[in-house]
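Here the structure comes first, spelled out in C-alpha cells, and everything after it is commentary.
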C-alpha cells in the first residue's frame with residue numbers, strides 16, 4: 001500500500017470518528033426524552049366537548065412568548081382527573097355551560113422558564129395586563145411564581161366556564177395594547193368565558209376565589225365552577241379562582257418533565 005493510500009484511509013477513519021462523536025448527543029437526546037406514565041391521557045380522548053385554549057402554547061400569557069415544553073396546544077392530565085372533568089362537563093352542559101381549560105399538565109421545564117423570566121426584572125412586556133399592581137421583585141415572595149408547580153404532577157387544571165353556544169376567541173397579536181386583567185370584561189382582552197371578575201392568570205388579590213369585592217354575577221359564576229368541581233373531588237386554590245387539583249392525586253410527590261405533546265403519551269390516547 002502506498003503512503004498516499006495509507007494517509008487517505010487515515011483521514012477517512014478520522015472523519016468517520018468525528019461524525020460518530022457529533023451524532024451521538026443527538027441520538028442520545030432523542031432516546032432520553034421523558035415520556036408520560038401510562039395513566040396520563042389527552043383530555044380530548046375522554047371528553048371532546050370541553051373547550052381547550054392552551055395559553056402557554058401561545059404568546060398571550062404573562063411571559064409574552066410560548067413557554068418551554070409546550071409543543072402542541074394539548075391538555076394532558078392523569079386519567080382520574082380527566083374523567084372527573086368529564087363528569088363535571090356532563091353536569092354543566094344541561095345548564096347551558098361548557099368548561100374551558102387554559103392549562104393542564106405543565107412540564108418542569110415550563111416552570112423553569114417562568115422562574116428565569118421572573119428573575120429578569122427588566123422584562124415587563126406583559127405587566128400592564130397580567131400584573132399591573134405587583135412589583136416584579138415580589139413575584140416569588142407573594143407566591144405568584146415558584147420553583148415547583150402542582151401542575152407538573154398531572155392532576156391540576158386551570159379552567160373557566162363558557163356560556164353555550166361558545167363563541168370563538170380571536171387570537172392575541174403580540175404588541176397590541178394591553179388592558180389590566182381586572183378591568184371590566186368588555187374592556188379586557190376578549191375571552192368567550194363568563195365574567196369571573198378578572199381574566200385568567202391575573203396576578204392580583206381580586207383573583208382570590210372568594211374575594212369580597214367580587215359580587216353579583218361574577219361571584220355566582222365563580223361559585224358555580226367551584227361547587228361543580230368540588231362535588232367531584234377537585235380542590236380549589238383559594239388565591240386563584242381558575243386553579244383546581246383533583247384529589248387524591250395519583251402522583252402527589254412527583255414533578256414530571258415530559259413535553260406537552262401527543263408523542264409523550266402511550267398510543268391509547
Q) So what's the gap between the Cα centers of region 240-260 and region 65-92, to the nearest angstrom? A) 11 Å
Q | Projected area, mean over directions - the chain, Cα convex hull, nm² | A | 19.4 nm²
**Q.** Residue order, fewest to most surrounding Cβ atoms within 10 angstrom, among 134, 51, 157
**A.** 134, 51, 157
Q | Rg [Å, one decimal], Dmax [Å, integer] - region 150-257, C-alpha atoms | A | 15.0, 42
Q: Could you state the angle between the C-alpha long axis of helix 79-92 and the longest principal axis of the C-alpha atoms of the chain, as a value from 0 to 90 degrees rounded to the nearest 10?
A: 30 degrees
**Q.** Distance histogram in 10 Å bins (all Cα pairs of region 36-188, percent per bin)
**A.** 10, 36, 35, 18, 1
(Q) Would any residue of region 46-85 have its amide N under 19 Å from a label point 7 Å out along Cα→Cβ of residue 32? List them or say none. (A) 69
Q. Roughly how many Å is it from the Cα centre of region 105-177 to that of region 191-228, as a whole number?
A. 17 Å
Q) Using alpha carbons only, how many degrees (0 to 90, rounded to 10) separate the axis of helix 216-230 from the longest principal axis of the chain? A) 60 degrees
Q. What is the Cα radius of gyration of region 116-179 over 2.2 N^0.38 Å, N being its residue count?
A. 1.44
Q. So what is the calculated 222 nm ellipticity per residue for the chain, using -39500 (n - 2.57) for each DSSP H run with n of 4 or more, over all residues, to the nearest 500 deg cm²/dmol?
A. -9000 deg cm²/dmol
Q: Give me 203, 140, 234 ranked fewest to most by other Cβ atoms within 10 Å of their Cβ, as a rough exposure proxy.
A: 140, 234, 203
Q) By counting other Cβ atoms within 10 Å of each Cβ, how are 242, 117 ranked from fewest to most? A) 117, 242
Q: Calculate how steeply helix 108-119 sits against the longest principal axis of the alpha-carbon atoms of the chain, using the helix alpha-carbon long axis, and give the answer as 0 to 90 degrees to the nearest 10.
A: 80 degrees
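Every number here is computed from the coordinates shown, using simple stated rules; none is lab data. Computed from a predicted structure; not experimentally measured. Heads up, the Cβs are rebuilt from the backbone with ideal geometry, glycines too, and the neighbour counts pull from every protein chain shown.
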